[in-house]
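The values are calculated or read from the model by the stated rules, or taken from the named source; none is laboratory data. None of the values given here were measured: they were computed from a predicted structure. Cβ: placed from backbone, ideal geometry, glycine included. Neighbour counts: every protein chain shown.
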Protein chains: 2
Amino acid sequence: MRYRRIPNETVRRLPLYLRCLLLLSQNGNKSVSSEGLARIANVNAWQIRKDFSYFGGFGIRGFGYDIGNLTGQIRKILRLDAVHNAVLVGVGNLGSALLAYPGFKTYGFRIVAAFDNDSGKIGKKVGDVKIEDARRIGMLKPKCVTLAIIAVPAAAAQQAVDSLVEAGVKGILNFSPVHITVPKKIKVITIDIATELARLPYYIPSGGKE
Amino acid sequence: MRYRRIPNETVRRLPLYLRCLLLLSQNGNKSVSSEGLARIANVNAWQIRKDFSYFGGFGIRGFGYDIGNLTGQIRKILRLDAVHNAVLVGVGNLGSALLAYPGFKTYGFRIVAAFDNDSGKIGKKVGDVKIEDARRIGMLKPKCVTLAIIAVPAAAAQQAVDSLVEAGVKGILNFSPVHITVPKKIKVITIDIATELARLPYYIPSGGKE
DNA sequence: CTATGTGAATTTATTCACAGCA
DNA sequence: TGCTGTGAATAAATTCACATAG
């Protein structure tokens with residue numbers, strides 16, 4: 001095991017590899033080469049080998065990778081080797097969709113609570129989760145939830161985040177199109193849907209410009 | 001105007017700058033310095049100046065940037081100087097949320113049609129848009145829609161994309177957690193919600209490991 | 001005098017080419 | 001022999017420092 005710094009881009013690709021490995025496993029495969037995994041993940045084979053090499057390498061020369069072992073290693077690196085509970089703040093259109101999103105369980109995530117500040121929504125259930133008053137975010141502590149997903153309007157984002165941090169949340173997936181300020185120890189990943197769409201026209205050759 | 005290659009990361013930041021400029025403008029500002037814009041966008045001032053320098057620079061030395069002018073320049077670069085029509089494929093939980101998503105109009109996007117292959121949904125309306133049979137994607141041509149958003153299950157993504165490309169769509173925002181294959185001229189941007197969440201635990205110091 | 005614009009330096013990430021192990 | 005693992009080379013992006021224009 002070598003102790004070089006792990007590139008952020010490598011960490012970004014690990015969940016992708018994990019998903020592909022689960023797919024391979026479901027299809028009955030026991031092992032895969034870097035070439036085979038690369039094809040499914042749509043990256044280069046050397047990129048995969050390099051990425052794994054930062055952690056010491058997980059393969060067997062001349063053979064490839066044992067899927068069960070590799071899956072376990074990546075889960076451990078990403079700390080996905082235990083189920084993570086998360087809470088959702090903001091049960092609007094997007095929030096409701098995220099509550100029902102099937103992809104989270106691929107990685108062992110479970111949304112255990114939902115909050116909103118619209119009194120018309122509080123008390124209602126979306127799937128298995130009852131919507132609670134956003135002012136009760138502070139009550140989370142005993143549950144030891146470390147992750148949160150926020151899908152509130154930009155104007156409400158900072159306040160929601162402050163409450164979550166106060167309640168002990170350590171990582172936030174932010175869908176609000178705004179920068180939020182957090183203490184150094186807290187990690188925020190922002191998905192800004194509209195800005196992603198906004199750079200699409202740049203790459204489209206003009207002429208068919210709508 | 002200099003003609004160096006534009007870094008992808010610069011293009012990724014331009015929509016963010018645009019959003020911040022719109023905000024500044026709404027607040028009555030007429031001009032802004034790289035320092036001021038940097039604060040709102042949460043990037044470094046020199047990064048902003050460098051980004052703009054790839055296009056020749058838009059500022060006035062000793063003064064800053066005229067917000068109206070800069071907004072126009074960025075819109076032109078990103079080809080957001082005209083309204084873009086887009087279609088949605090997949091009107092499930094996520095798709096419905098995207099149909100109602102208010103952020104798209106910040107950049108002048110309009111979703112003009114929605115498709116699904118669930119006969120129970122076809123014919124119903126979500127907001128102003130009537131859900132059409134996915135087999136009718138081919139009928140798009142006369143409308144000259146160049147952008148599409150897909151929010152279908154992974155298994156259905158490639159077929160949806162093939163139909164869209166056939167119908168003349170040039171750019172796709174893909175929410176399906178799977179690699180899709182397209183001709184070279186077509187640009188795909190994938191937002192993989194679960195893989196973003198999946199790298200969050202990596203950055204959270206252990207101990208509070210849920 | 002102020003804040004931009006940009007070469008140059010540095011850091012980070014990707015790609016290559018092949019040594020080394022099963 | 002085959003496929004991994006990795007140092008070295010290349011490419012890309014960020015950061016710096018300051019000359020330059022208003």
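When the stretch A:43-96 is filtered for residues that are within 16 Å of DNA strand C (Cβ to nearest atom), polar (S, T, N, Q) and under 18 Å from residue A:30 (Cβ atoms), only A:69 remains. Within the stretch A:2-13, the set of residues being assigned to a helix (DSSP H, G or I) and not charged (D, E, K, R) comprises A:8, A:10, A:11.
Looking at this structure, is residue A:41 facing chain B (nearest Cβ under 8 Å), among the small types (Gly, Ala, Ser) and more than 14 Å from the chain's Cα centre (by Cα)?
Working: facing chain B (nearest Cβ under 8 Å): yes; among the small types (Gly, Ala, Ser): yes; more than 14 Å from the chain's Cα centre (by Cα): yes.
Answer is yes for this residue.
When you scan the stretch B:80-90, do you find a residue that is touching a helix residue (DSSP H, G or I) at 6+ places or on another chain (Cβ under 8 Å) and acidic (Asp, Glu), even just one? Working first, answer last.
Applying the first criterion (touching a helix residue (DSSP H, G or I) at 6+ places or on another chain (Cβ under 8 Å)) to the stretch B:80-90 yields B:80-81, B:84-90.
Subsequent filtering for residues that are acidic (Asp, Glu) retains B:81.
Checking the stretch B:80-90: at least one residue is touching a helix residue (DSSP H, G or I) at 6+ places or on another chain (Cβ under 8 Å) and acidic (Asp, Glu).
Against the definition (farther than 22 Å from residue B:192 by Cα, outside the structural domain of residue A:20 (by TED's automatic domain parsing) and of a type in the set (Lys, Arg)), how does residue A:124 come out, yes or no? Answer is yes for this residue. Residue count for the stretch A:158-179 under the criterion of being within 9 Å of another protein chain (Cβ to nearest Cβ) and free of Cβ contacts under 8 Å to residues at least 24 places away in the same chain: the result is 2.
Looking across the stretch A:1-13, not a single residue is within 11 Å of DNA strand D (Cβ to nearest atom) and within 18 Å of residue A:107 (Cα to Cα).
Is there a residue in the stretch B:34-43 that is among the hydroxyl-bearing types (Ser, Thr, Tyr) and either at pLDDT below 95 or out of contact with any strand residue (DSSP E or B) (no Cβ under 8 Å at 6 or more places or on another chain) (or both)?
Start the filter on the stretch B:34-43 by keeping residues that are among the hydroxyl-bearing types (Ser, Thr, Tyr), which leaves B:34.
Within this subset, residues satisfying the condition of being either at pLDDT below 95 or out of contact with any strand residue (DSSP E or B) (no Cβ under 8 Å at 6 or more places or on another chain) (or both) are none.
Checked against the condition, which is being among the hydroxyl-bearing types (Ser, Thr, Tyr) and either at pLDDT below 95 or out of contact with any strand residue (DSSP E or B) (no Cβ under 8 Å at 6 or more places or on another chain) (or both), the stretch B:34-43 yields no hits at all.
Can you spot a residue in the stretch A:127-138 that is aliphatic (A, V, I, L, M) and surrounded by fewer than 16 Cβ atoms within 10 Å (Cβ to Cβ)?
If we filter the stretch A:127-138 for residues that are aliphatic (A, V, I, L, M), which is where we start, we get A:129, A:131, A:134, A:137.
Now drop any that are not surrounded by fewer than 16 Cβ atoms within 10 Å (Cβ to Cβ), which leaves none.
Checking the stretch A:127-138: not a single residue is aliphatic (A, V, I, L, M) and surrounded by fewer than 16 Cβ atoms within 10 Å (Cβ to Cβ).
Between B:204, B:191, B:186, the distinction of being closer than 21 Å to residue B:90 by Cα, within 8 Å of another protein chain (Cβ to nearest Cβ), surrounded by fewer than 21 Cβ atoms within 10 Å (Cβ to Cβ) and not acidic (Asp, Glu) belongs to B:191 only. Close Cβ contacts (under 7 Å, 6 or more residues apart or on different chains) running from residues in the stretch B:27-41 that are touching a residue at least 24 places away in the same chain (Cβ under 8 Å) and closer than 14 Å to residue B:52 by Cβ to residues that are among the charged types (D, E, K, R) and near DNA strand C (Cβ under 7 Å from one of its atoms) comprise B:34/B:49. Residues of the stretch B:180-210 that are among the polar types (S, T, N, Q), touching a residue at least 12 places away in the same chain (Cβ under 8 Å) and part of a loop (DSSP other than H, G, I, E, B): B:181 alone. For the stretch A:115-131: of the residues being in contact with a helix residue (DSSP H, G or I) (Cβ under 8 Å, 6 or more places away or on another chain) and farther than 18 Å from residue A:146 by Cα, which is farthest from the other protein chains (Cβ to nearest Cβ)? Looking at residues that are in contact with a helix residue (DSSP H, G or I) (Cβ under 8 Å, 6 or more places away or on another chain) and farther than 18 Å from residue A:146 by Cα, I get A:117. Summed over the stretch B:97-114, residues that are at the interface with chain A (Cβ under 8 Å from one of its Cβ atoms) and assigned to a strand (DSSP E or B) total 1. A Cβ distance below 6 Å, combined with a sequence gap of six or more or placement on separate chains, defines the contacts here; from the stretch B:51-66, residues that are within 14 Å of chain A (Cβ to nearest Cβ) and over 13 Å from residue B:14 (Cα atoms) reach no residue that is more than 8 Å from DNA strand D (Cβ to nearest atom) and assigned to a strand (DSSP E or B). When residue A:17 is tested against (1) touching an Asp or Glu at 6+ places or on another chain (Cβ under 8 Å); (2) away from chain B (no Cβ under 11 Å), exactly one condition is not met: (2).
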